[in-house]
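Please treat every number below as a calculation from the coordinates, not as lab data. Because the structure is predicted, anything quoted here is derived from the model rather than measured. Because the Cβ atoms are built from the backbone with ideal geometry, glycine has one as well, and the counts that use them run over all protein chains shown.
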Amino acid sequence: MSMEMEFIRVLPSPQSLMEDYPIKKKYKEIKMERDETIKNIFSGEDHRLALIIGPCSSDNEDAVVDYVSRLAKLQEKIKDKIFIVPRLYTNKPRTIGVGYKGMLHQPSPEGEEDMLEGIIAIRKLNVRVIEETGLTGAEEILYPEVFRYLSDLLCYAAVGARSSEDQLHRMIASGVGIPVGLKNPTSGDLSVMLNSVAAAQHSQEFLFRGWEVRTKGNAFAHSILRGYVDAAGNSLPNYHYETLTKVIKMYEERGLENPAIVVDTNHANSGKKYLEQIRIAKDIINSRNLNPDIKNIVKGLMIESYIEDGCQKVDGGVYGKSITDPCLGWEKTERLLLDLADML
């Protein structure tokens, strides 16, 4: 029986795309150094706070590189306290499956879907970021098979709330070789989140890109708290002191490696009220400062931020303004990061 799907074309292998859009040796060394630093943060050897920050969706190459260049300058001022990882999210999950799905699908937000142009565009963006700013970024593992196109460029990955219960995503997370955060599901079930972390820390064997593969397990797989939605559809937070202490106990009961939490200050934690991220970020730092156990386990924050405040329609035309979820603009971002560094 034939499948009801049109096979459009065979896409280039990750290896051939890496050869067509390579990175120079000195940038490979920068990537290795940054990988080592972020692993040290998650193992507790480095006491700085990891900050995964940037646009909800990387929709425009020039604006994103401009934004990350600003982050790189700011990083110099706060490097003793905070380690910045820019969000370079190029595939965008959609709740009902329609709308702009990110640069991977639509290299031009107003253009047609084109996955070949998309994989080239996301690779070129990541190469430009490391060459022009010296930073390596974070990406969401929305489509596991896409990760390989960027695996020599990223230093952090996240598995979203709708994917963290999926077996393949957990298996991929066990083999990517960089810290991976697994979000709590949209229901807010913390035990499901910890199951995801346990699965990602274990060795796994599975099918991947036409191969049978085996992973060693990812000792740096960890939890991301992003808030949750109740049965009536209301957004509820899970970043408070009480939840953080509860997750600490759950980690202790399970005996997982490198217990770690990253708190996503937006999404259901802010009820998508993007300005609340400022208060929430400071609240989490206060919790860390009050309790050494929380300080030891909360390794980082996620913040959605871009050049301009808020969001716009796809055809809005404002440079550096999100076309997906609303983000903190640059002035508020800079102020917040300097404030957080003072609090740490």
Cα centre as origin, Lys/Arg/Asp/Glu Cβ charges: the stretch 31-167 dipole, Debye: 460
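How much of the DSSP bridge set in the stretch 14-343 is antiparallel, in percent, rounded to the nearest 5?
Approximately 20 percent, going by the DSSP bridge assignments.
Quick check: residue separation of D62 and D114 times 0.36 nm, minus the Cα distance between them. What number comes out in nm?
16.8 nm
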Simple label model, 7 Å out from Cα along Cβ direction - E36 to D315, nm: 5.1
Derived scalar couplings ³J(HN,Hα) [the stretch 310-319; Karplus, 6.51 cos²θ - 1.76 cosθ + 1.60; whole Hz; x for Gly, Pro]: x, 8, 9, 5, 3, 9, x, x, 8, 4
Length gained when the stretch A231-E253 is fully extended (0.36 nm per residue, less Cα-Cα span): 5.1 nm
Calculated FRET efficiency for the pair L168/H202, C-beta based, R₀ 22 Å, to 0.05: 0.95
Tensor-based shape of the stretch 80-132 (alpha-carbon gyration tensor, a/c under 1.5 rounded, otherwise prolate or oblate): oblate
GNM result for the chain, Cα springs below 10 Å: residue of K31, K246, K321 fluctuating most strongly: K246
Calculated Rg and Dmax of the stretch 239-283 using C-alpha coordinates, Å: 12.5, 36
Distant-in-sequence amide H partners of N218 (H built 1.01 Å from N, under 5 Å): Q201, H202
Shape category assigned to the chain from the gyration tensor of Cα positions, a/c cut at 1.5: rounded
Rounded FRET efficiency, nearest 0.05, which uses the C-beta distance separating E242 from Y21 and R0 of 56 Å: 0.75
Inter-site label distance for D80 and E131 at 7 Å from Cα along Cβ, in nm: 3.5
Stretchable slack from M343 to V192, in nm (0.36 nm times residue separation minus alpha-carbon distance): 51.1 nm
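When a/c is below 1.5 the answer is rounded, else prolate if a/b is larger than b/c, else oblate, so apply that to the stretch 1-156 with a ≥ b ≥ c taken from the square roots of the Cα gyration tensor eigenvalues.
Prolate, because a/c is 1.5 or more and a/b exceeds b/c.
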Helical mean residue ellipticity (222 nm; -39500 (n - 2.57) per DSSP H run of 4+; nearest 500) of the chain: -12500 deg cm²/dmol
